Amino acid sequence: MKIIYHGHAFVHFDTGKYNIFTDPFITGNPVCDIKIDNAKCDFIIPTHGHGDNFGDTLELAKKYDATVIGMNELAVYCGNKGVKSHPMNTGGAYSFPFGRVKLTIAHHSSSLPDGTYAGDATGILLMIDGKTYYHAGDTALFYDMKLIGEMHKIDYAFLPIGDDFTMGVDDAVKAAEFIKPGVVIPIHYNTFDIIKSDAQDFKRKIESMGMKCIVMKPGDVINV
Ligand code: NI
């Protein structure tokens, strides 16, 4: 199992058999390290409809015959565009060939770039080969993160730290305190000036609580 970071909120889970993308924002993403032509994927899980999260979902799904997994309204939209999709909703889980997916709440808005209502924004719990990964999506800090951490032993948590649209550093530090993951990885920052954030400051604060933080650059790989 490999975790590959492609910048912004785009995290790639490579199980060796399946490639699973979250928030595949390639076109227009100044920090993304890959192109659509070398972004082979089997499943795509956009956390919500915004352009920097939904990103190239439709193009990728068409090119690679991938299945889009996500919030009901968003999945139906993809199905209407002619791609394979699997609808879910907040709090529901489903077992896919690569593992189990559960959508969590996220406090954020969600509409597609063409204005279509995309349902609620979500976070994602991915359970693959005995490990649990939490991609918080775009979200504010919320106290139920504590519940997510109590109900699931999170091995890796991907938390937005860019501020303005999502949690900033200090709120994400509090989120990590609630979730208690094995490793915290900051996402959704420094893609654009409006979400400039200090990942090293975040790392210091996480480590001062006795927790582990890995700051990934686009293209970095973690072997799990
Ligand atoms: Ni968003």
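Can you spot a residue in the range 15-22 that is surrounded by fewer than 24 Cβ atoms within 10 Å (Cβ to Cβ), within 13 Å of the chain's Cα centre (by Cα), within 16 Å of the ligand (Cβ to nearest atom) and not hydrophobic (A, V, I, L, M, F, W, C)? Within the range 15-22 (the criterion being surrounded by fewer than 24 Cβ atoms within 10 Å (Cβ to Cβ), within 13 Å of the chain's Cα centre (by Cα), within 16 Å of the ligand (Cβ to nearest atom) and not hydrophobic (A, V, I, L, M, F, W, C)), the answer is no, since none of the residues qualifies.
For first residues located in the range 112-130 and under 13 Å from C78 (Cβ atoms), partners that are of a type in the set (A, V, I, L, M, F, W, C) and assigned to a strand (DSSP E or B) and lie 6+ apart or on another chain with Cβ distances below 7 Å form the pairs A118/M71; G119/M71. Scanning the range 122-167 for residues that are of a type in the set (A, V, I, L, M) and closer than 10 Å to P181 by Cα yields I154, A157.
Listed conditions (1) within 14 Å of the ligand (Cβ to nearest atom); (2) surrounded by 17 or more Cβ atoms within 10 Å (Cβ to Cβ); (3) assigned to a loop (DSSP other than H, G, I, E, B) are all met by H107, apart from (2).
What do you reckon, is N53 of a type outside the set (A, V, I, L, M), within 23 Å of T132 (Cα to Cα) and within 16 Å of the ligand (Cβ to nearest atom)? Against the criterion (of a type outside the set (A, V, I, L, M), within 23 Å of T132 (Cα to Cα) and within 16 Å of the ligand (Cβ to nearest atom)), N53 qualifies. Scanning the range 131-140 for residues that are more than 16 Å from the ligand (Cβ to nearest atom), in contact (Cβ under 8 Å) with a residue 60 or more places away in the chain and buried (at least 22 other Cβ atoms within 10 Å of the Cβ) gives a single hit, Y133. Residues in the range 81-101 that are outside any loop (DSSP other than H, G, I, E, B) and open to solvent by 50 Å² or more (accessible area, probe 1.4 Å) were compared, and the one that is nearest to the ligand (Cβ to nearest atom) is P87. Listed by position, the helices (runs of 4 or more DSSP H) inside the range 141-224 whose residues that are within 16 Å of the ligand (Cβ to nearest atom) and not charged (D, E, K, R) number at least 1 are 169-179.
Of all the residues that make up the range 20-79, how many are outside any loop (DSSP other than H, G, I, E, B) and touching a residue at least 60 places away in the same chain (Cβ under 8 Å)? Within the range 20-79, residues that are outside any loop (DSSP other than H, G, I, E, B) and touching a residue at least 60 places away in the same chain (Cβ under 8 Å) number 7. Of all residues in the range 23-54, exactly one satisfies the criterion of being surrounded by 22 or more Cβ atoms within 10 Å (Cβ to Cβ) and either of a type in the set (D, E, K, R) or within 15 Å of I222 (Cβ to Cβ) (or both), namely D23. Looking at the range 110-126, which of its residues are more than 15 Å from the ligand (Cβ to nearest atom) and open to solvent by 50 Å² or more (accessible area, probe 1.4 Å)? Listed by number, the list holds a single entry, D114.
All conditions in (1) away from the ligand (no atom under 16 Å from the Cβ); (2) surrounded by fewer than 21 Cβ atoms within 10 Å (Cβ to Cβ) hold for A66, with the sole exception of (2).
The values are calculated or read from the model by the stated rules, or taken from the named source; none is laboratory data. Computed from a prediction, not measured in an experiment: that's the story for all the values here. Cβ: placed from backbone, ideal geometry, glycine included. Neighbour counts: every protein chain shown. Heavy atoms of the whole protein, side chains included, go into the accessibility calculation; ligands, DNA and RNA do not. Shrake-Rupley method; radii C 1.70, N 1.55, O 1.52, S 1.80 Å.
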